[in-house]
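For reference, the structure is listed below as structure tokens.
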Amino acid sequence: MDLDASRNPPLSPQDDDLREMLRIEFAARWPDSRRGALDAVDRYALLPVGTLLRSLLVLRAALAVGGDLHRVLPAAVGVECLHVGSQVHQDLLRHDDVRHGRVAVHRRFGAERALVAANSLYFRGFGLIGECLDRGATAEQVADATRIQADAGVQATRGLELALELDGNPDPESVEYLRTAKLRTAVLAAACRIGAVLGGATPDQARALAGFGENLGMATHLRTDSKPARAVSAERMAQQYTGRARRKLRRLPVGASRDRLAQLTKLC
């Protein structure tokens, strides 16, 4: 994809096109030529990029309501920065040595630098959401998007705290487990709502997209977090949440953008 494609994208770009756009954006913001120690740690944590599910949700949600891709692109990068920062913290908490097949950040650079880098990514993430103001988003839209992300971060933190209390092999059908999962995956609902708000969605459209993200998050969590002994029950529930996610999209305008948003359920 051309470097300026985000300014004049196809009316309904393919996911591969969006991922390429995001890869270019990340590489441009964290180039190899930047030699600062903090930049090096941040770049190692961010690149190469992963599935970019949260970023894709921001972009797809905006496109589904007729939003401008160039306007919301910084926010899509920002939510990934916040996600990666939280992963660096979680690896430290859990003493995990590997992340996505590579040595974890704290094992490569040390715990102190990892903490500093994670904090940097948090602040960069919020700054990038604010950058949408320079691309045509209104001050109210940016304020709403910032609040949505902050609220979701608090919920995810509370969910992580509750997860520490759920030891052994929790039942995925238990009230406690489902409450924890909903809190921990609040950021997916937030990504959809952020894209909707910055894309100019109506309140009803924003609620529908947030509901889509919430159910998608539950399905994702059930499929990735379940222990083998609960795999059958978890998969059954994940399918139910996936169906609910797709039904939420019925309140959006019919078109290719809505269909491709629905296809993201295949990533969970």
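General observations
- Which numbered condition VAL154 misses (of (1) surrounded by fewer than 24 Cβ atoms within 10 Å (Cβ to Cβ); (2) under 22 Å from ALA245 (Cβ atoms)): (2)
- Looking across the stretch 12-39 at every residue that is over 20 Å from the mean Cα position of the chain (by Cα) and touching a residue at least 60 places away in the same chain (Cβ under 8 Å), the one that is nearest to GLN87 (Cα to Cα) is identified as LEU38.
- Checking each residue in the stretch 191-203 for being buried (at least 24 other Cβ atoms within 10 Å of the Cβ) and β-branched (Val, Ile, Thr) picks out ILE194, VAL197.
Conditions tested, residue by residue: (1) in contact with a Lys or Arg (Cβ under 8 Å, 6 or more places away or on another chain); (2) assigned to a helix (DSSP H, G or I); (3) of a type in the set (Lys, Arg); (4) open to solvent by less than 20 Å² (accessible area, probe 1.4 Å).
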| position | (1), (2), (3), (4) |
| --- | --- |
| GLY50 | no, no, no, no |
| ARG54 | no, yes, yes, no |
| VAL58 | no, yes, no, yes |
| ALA62 | yes, yes, no, yes |
| GLY66 | no, no, no, no |
| ALA75 | no, yes, no, yes |
| GLY78 | yes, yes, no, yes |
| CYS81 | yes, yes, no, yes |
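- Matching residues in the stretch 18-50 - criterion: being within 30 Å of ALA256 (Cβ to Cβ) and modelled with pLDDT under 90: GLY50
- Screening VAL232 against (1) at pLDDT below 95; (2) open to solvent by 10 Å² or more (accessible area, probe 1.4 Å); (3) touching a helix residue (DSSP H, G or I) at 6+ places or on another chain (Cβ under 9 Å); (4) among the aliphatic types (A, V, I, L, M) leaves a single unmet condition, (3).
So that you can scan it fast, the table gives a plain yes or no per residue for (1) closer than 20 Å to HIS89 by Cα; (2) under 14 Å from the mean Cα position of the chain (by Cα); (3) surrounded by fewer than 24 Cβ atoms within 10 Å (Cβ to Cβ):
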position	(1), (2), (3)
ALA150	yes, yes, yes
LEU160	yes, no, yes
LEU166	yes, no, yes
VAL175	no, no, yes
LEU188	yes, yes, no
GLN205	no, no, yes
ALA219	no, no, no
ARG223	no, no, yes
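- Residue in the stretch 102-111 that is under 21 Å from ARG23 (Cβ atoms), free of Cβ contacts under 8 Å to residues at least 12 places away in the same chain and either of a type outside the set (S, T, N, Q) or surrounded by fewer than 17 Cβ atoms within 10 Å (Cβ to Cβ) (or both) present: yes
- Within the stretch 83-96, one or more residues are of a type in the set (Lys, Arg), modelled with pLDDT under 95, part of a helix (DSSP H, G or I) and surrounded by fewer than 24 Cβ atoms within 10 Å (Cβ to Cβ).
- Residue in the stretch 46-68 that is over 30 Å from ALA206 (Cα atoms) and out of contact with any His (no Cβ under 7 Å at 6 or more places or on another chain) present: yes
- For the stretch 131-148, the tally of residues that are basic (Lys, Arg) and either at pLDDT below 95 or buried (at least 16 other Cβ atoms within 10 Å of the Cβ) (or both) stands at 1.
The values are calculated or read from the model by the stated rules, or taken from the named source; none is laboratory data. Keep in mind that this is a model prediction, so the values were computed, not measured. We place every Cβ from the backbone using ideal geometry, glycine too, and count neighbours over all the protein chains shown. For accessibility, only protein heavy atoms count, side chains too; no ligands or nucleic acids. Shrake-Rupley method; radii C 1.70, N 1.55, O 1.52, S 1.80 Å.
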